Amino acid sequence: MEELVRATGHENVGAEHASTFELTSDDWLTPAGDCILAVEADAVPADFDEAFVEACRSSEATITATLRADGHEQVIRGRGHPELTFESDRSLVGRTSDYVDDRTVMVAADAAAADVDRALVDALAGGADLECVLRVE
């Protein structure tokens, strides 16, 4: 099962956060948003199909986020959690920890913003369009 989120890079993308990555529907980004990879996301967790959300609520679920921009690709793998709500109407967050809030779409991720390939980060800082495919198995 998959969900597709399209977003846009921004000049303030720095991708330096060590434990999270984020896509936001906001149309702005300050340098302090060091986990944010892209803005103007066209879908947020509250938009996701209920069957997708239910599948992600299993501790056994494997969730992947495939990030593509300007010919660059990065796959981040994490897992589901029974407390995932997918209620946020603003942003989605992948976490290397087990912390869950309404923005969380995966926990125990094998990468955070700081781990994203720098060529992909540079493309996003240059304003490239981002495609994020979230898949749950």
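For this structure, a couple of remarks:
One line per residue, one yes/no per condition, for (1) aliphatic (A, V, I, L, M); (2) loosely packed, with under 15 Cβ neighbours inside 10 Å; (3) free of Cβ contacts under 8 Å to residues at least 60 places away in the same chain; (4) closer than 19 Å to H17 by Cα:
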{"residue": "A69", "(1), (2), (3), (4)": "yes, no, no, no"}
{"residue": "E83", "(1), (2), (3), (4)": "no, yes, yes, no"}
{"residue": "R95", "(1), (2), (3), (4)": "no, no, no, yes"}
{"residue": "L130", "(1), (2), (3), (4)": "yes, no, no, yes"}
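- Residue, farthest from H10 (Cα to Cα), within the range 28-64, restricted to residues that are part of a loop (DSSP other than H, G, I, E, B), of a type outside the set (S, T, Y) and touching a Lys or Arg at 6+ places or on another chain (Cβ under 9 Å): E60
- Pairs, first under 16 Å from M106 (Cα atoms) in the range 40-52, second among the acidic types (D, E) and exposed (fewer than 14 other Cβ atoms within 10 Å of the Cβ), C-beta under 7 Å, six or more apart: V44/D89; P45/E87; A46/E87; A46/D89
Per-residue answers, yes or no, for (1) under 12 Å from the mean Cα position of the chain (by Cα); (2) among the charged types (D, E, K, R); (3) at pLDDT 95 or above:
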residue	(1), (2), (3)
D49	no, yes, yes
C56	no, no, yes
R68	yes, yes, yes
L92	yes, no, yes
A109	yes, no, yes
A112	yes, no, yes
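- Residues that are over 15 Å from V116 (Cβ atoms) and among the charged types (D, E, K, R) within the range 1-20 comprise E2, E3, R6, E11, listed in sequence order.
- Among residues of the range 14-67 being of a type in the set (S, T, N, Q) and in contact with a helix residue (DSSP H, G or I) (Cβ under 9 Å, 6 or more places away or on another chain), the one that is surrounded by the most Cβ atoms within 10 Å (Cβ to Cβ) is T20.
- Only one of the listed residues (E137, E87, E73) is surrounded by fewer than 17 Cβ atoms within 10 Å (Cβ to Cβ), over 19 Å from D26 (Cβ atoms) and more than 14 Å from the chain's Cα centre (by Cα). That residue is E137.
The values are calculated or read from the model by the stated rules, or taken from the named source; none is laboratory data. Note that the coordinates shown come from a computational prediction; the quantities given were computed from them, not determined experimentally. Cβ atoms come from the backbone with ideal geometry, glycine included; neighbour counts cover every protein chain shown.
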